[in-house]
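Since the structure comes first, as structure tokens, the remarks are kept for the end.
Nothing in this text is a laboratory measurement; each read-out follows from the coordinates by a stated rule. Everything numeric in this text was worked out from a predicted model, so none of it was measured. Every residue, glycine as well, gets a Cβ built from its backbone with ideal geometry; the counts of neighbours run over all protein chains shown.
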Amino acid sequence: MSQNVFVTGTNSGFGRLITLTLAKKGHTVFATMRDITGRNAAAAEELTKAGEGRVHVVEMAATDDASVNKAVATALEKAGHLDVVVNNAGYAALGLEETLTSEDLLRQYDVNVVGPHRVLRAALPSMRARGKGLVVQISSALGRLVFPVMGAYGSSKFALEALSEAYRYELKATGVELTIVQPGAFPTEFGQKLAVGGEQERAQGYGPFANAVEMMGKSFEKMFSGDNVPSPQLVADAVLTLVEASAGSRPARVVVDPLQGQAAEGLNKAHAEVQKHLLAGMGMGHLAD
């Protein structure tokens, strides 16, 4: 059965693959991106053509309330309703944490945490009114694990995890489901969206670790140089599976990480047990997964 799906951050990477994968399976996708008549004009045109009539590219800046509200309203006007929202838009601010300015950190959270919140505030009223729907939050394995020079990005994903889980509990009575997808490291254009801390001169006081960003980059290059490089299509396929799953069968979290997935899965399992006991002790055990 064809569904109406709203996907953010679709000009490249996971968002583009998710959009095309859903469209090829017959779903109608409202694919958002910024600057569709300028910088992303080629990406918007390519996505529209590849979607063969099932992809509608919509202008949206995840950091702007009015832009988000307009994009969701446009999708609702064209489709009548939304069955699924996929919050995928995001980027990573890298660097020794001291090199990140207050503005660097605020923007990281604005895009990766407040952005998805804006989208849900715009989309959920219509979904709740219908008593059904699905929200897919694209988080990261770094919403569970911690690496140096990725503290800003990782902490934004930790925040998204907490916000999303609270949403999942609160939405249970409405019929709207929410699942968090935790991708590991994949070779996508995401690397082109990296931002380095605005005060790199502070790194000089860290001795050999001043080049930590470069060290991390080489680690990822090595990770993706072998014969078993993970395909980002795995993430799109995981989202498709969630979209087409029957209501009530979707898990709280899905790890998509062929390289290091066991670590996040172990933490998810332990977390679920702790939450189960915590919620039960507060008289809300029915919310636990």
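Rounded to the nearest 0.05, what FRET efficiency is calculated for Thr48 and His117 with R0 set to 45 Å and r the Cβ-Cβ distance? Don't jump to the answer; show the numbers that get you there.
On the way: r = 28 Å, r/R0 = 0.62.
Taking R0 as 45 Å, the efficiency between Thr48 and His117 is 0.95.
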GNM top mover of Ala141, Ala43, Ala272 - the chain, alpha-carbon springs below 10 Å: Ala272
Approximate spin-label separation Lys172-Met215, in nm, with each point projected 7 Å along Cα-to-Cβ: 4.4 nm
Whole-angstrom gap from the range 1-60 to the range 271-287, using each part's C-alpha centre: 38 Å
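Find out how many positive minus negative residues lie around Glu59, taking Lys and Arg as positive, Asp and Glu as negative, among other residues whose Cβ is under 13 Å from that of Glu59.
Numbers: positive: Arg34, Arg39, Lys70; negative: Asp35, Asp64.
Combined, the nearby Lys, Arg, Asp and Glu give +1.
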Proxy reagent accessibility, fewest Cβ within 10 Å first, across Phe158, Phe209: Phe209, Phe158
For Thr28, Thr101, order by how many other beta-carbon atoms lie within 10 Å, fewest first: Thr101, Thr28
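Suppose every Lys and Arg Cβ carries +1 and every Asp and Glu Cβ carries -1, with no other charges. What dipole size does the range 4-287 come out with about its Cα centre, to the nearest 20 debye? It would help to have the intermediate numbers written out before the result.
Numbers: 27 positive and 29 negative charges, 186 e Å.
The calculation lands at about 900 debye.
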Alpha carbon centroid spacing (whole Å) that separates the range 137-162 from the range 232-263: 17 Å
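Multiplying the sequence separation of Leu163 and Ala41 by 0.36 nm and subtracting their Cα-Cα distance, what value in nm do you get?
Value of the extension gain: 40.7 nm.
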Ranked list, fewest to most other Cβ atoms within 10 Å of each Cβ, for Leu17, Leu279: Leu279, Leu17
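Got the relative contact order for the chain handy, in percent, Cα pairs under 8 Å and 6 or more residues apart? Don't skip to the answer; put the middle values down first.
Numbers: 500 pairs, mean separation 54.2, N = 289.
Rounded, it is 19 percent for the chain.
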Within a Gaussian network of the chain (alpha carbon springs, distance under 10 Å), most fluctuating of Gly175, Gly205, Gly26: Gly205
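Under 1.5 on a/c is rounded, so check that first for the range 157-253, then, if it is not, pick prolate when a/b is larger than b/c and oblate when it is not; a ≥ b ≥ c are the square roots of the alpha carbon gyration tensor eigenvalues.
Details: a/c = 3.82, a/b = 1.75, b/c = 2.18.
Taking the square roots of the gyration eigenvalues as a ≥ b ≥ c, the range 157-253 is oblate.
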Cross-link reach list, aspartates and glutamates versus Lys24, counting only Cα pairs under 15 Å and skipping chain neighbours closer than eight places: Glu46, Glu52, Asp237, Glu244
Val146 versus Asn228: modelled label distance in nm, points set 7 Å from Cα along the beta carbon direction: 2.9 nm
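Is it possible to state the helix-based mean residue ellipticity at 222 nm for the chain, with each DSSP H run of 4+ residues giving -39500 (n - 2.57), the sum divided by total residues, to the nearest 500 deg cm²/dmol? What is it?
On the way: 9 runs with 127 residues, N = 289.
After summing the helix terms and dividing by the residues of the chain, the value is -14000 deg cm²/dmol.
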